[in-house]
Amino acid sequence: MKKEKIYLLPGLMNNELLWERINPILEDKYELIYLPIPLTKDFDDAVKYLDNLIKDEKINLLGFSLGAYLASYYTIKRSEKINRVFLVAGTPSSLSEIEIKKREIFLKQMDNFGSINLSTKKIKLLLEDENQEDKYLIKLIKNMFDSFSLEEYKLQLSTTFQRKDIYEELLLINIPINFIYSKKDRLLNLKSMEKIDNRFKNVVLKPLEGSSHMIPLEKAETLSKEIICWMNRKT
C-alpha cells in the first residue's frame, strides 16, 4: 500500500537532521519528504522554488519555526495544492519590533566577524532544562548550524524581516490547520498566538508546558502523535 506523503520544511539553519527523532516513529506510516529553506529574501520567489520541488497535485505540509511561516505563506499562495498544514514552534505572523531590531544589529555585527559560531550557551537557550546537558542533542544542533555558510545564515536571518501578519488569511482556508508550541518558548512570538484561537473549527492548538523550541528533537513522541491525529483529520 502506497504511503501518504508529508512534506517537511525546517527552520533557520536547520536541515534534515531536525527530523531525526520523528522519522523512526512515522516512517512506517508515511513517506517523509524533506524540503530545504529556499535561499531567497523574497517569499514569492520561495514559493516558486518550492513549486519546482513539489510535484504532487495536493500535499500535506508541515513547517518548523521559520519553515512554519513559509508553510503558511505557501498555503495561502497555493491553497489549491494543500490538503492540510501543521505549524511547529512557529506562527503566520511578523516578528516583534524588538526582535527585528536585535536581529538587524546582529546582522551588522556579523560583517565584522567573518565567520559564525553557535555556542553551547546559545544552544541551551533552545532546550528544556532537563536537556541542557544532552551532549548528543547539543552536537546535533551545532552540526546543523555548521553545515551552512555565513552568507547563507545572513540570508536566512534577513528573510525573517520580510514577514507580515498572514494568520487571518491562513485560518480562513478550509483545511485542517494544526499548531504545536511551548508556552514559554523564548523564540516564539507568543502574543501572536493569542490571535489564533479555536473559533475556527478547522484549527487545532496544542500548547505544551515548558520552553522548548526544538520540539521535533525534544518532544518527538508528542509531536508524532499530533501528526498522526492531524493526518487523520478531515476538517
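The values are calculated or read from the model by the stated rules, or taken from the named source; none is laboratory data. From a predicted model like this one, the values you see are computed outputs, not experimental measurements. All Cβ positions, even for glycine, are placed from backbone atoms using ideal geometry, and neighbour counts span all protein chains on display. Protein only, heavy atoms only, side chains kept; ligands, DNA and RNA dropped before computing areas. Shrake-Rupley method; radii C 1.70, N 1.55, O 1.52, S 1.80 Å.
Quick notes on this structure:
- Dipole orientation for the stretch 15-159: of the candidates L107, L50, I37, L107 has the Cα lying most toward the positive pole (charges on Cβ; Lys, Arg +1; Asp, Glu -1).
- Area accessible to solvent at R21, 1.4 Å probe radius, in Å²: 70 Å²
- In the chain, the DSSP-assigned H stretches of four residues or longer account for a calculated mean residue ellipticity at 222 nm of -11500 deg cm²/dmol, using -39500 (n - 2.57) per stretch and the full residue count as denominator.
- Among the chymotrypsin sites (Phe, Trp or Tyr not before Pro) in the stretch 162-235, those placed in a DSSP loop whose Cβ has at most 16 other Cβ atoms within 10 Å are F200.
- The relative contact order of the chain, computed from alpha carbon pairs under 8 Å that lie at least 6 residues apart in sequence, is 25 percent.
- The stretch 22-77: trypsin sites (Lys or Arg not before Pro) in DSSP coil with no more than 16 other Cβ atoms inside 10 Å: K29, K41, K55, K58
- Using a probe of 1.4 Å on the protein chains alone, the accessible area found for M110 is around 0 Å².
- For the stretch 1-130, a simple Cβ point-charge model (Lys and Arg +1, Asp and Glu -1, everything else neutral) yields a dipole of about 120 debye relative to the Cα centre.
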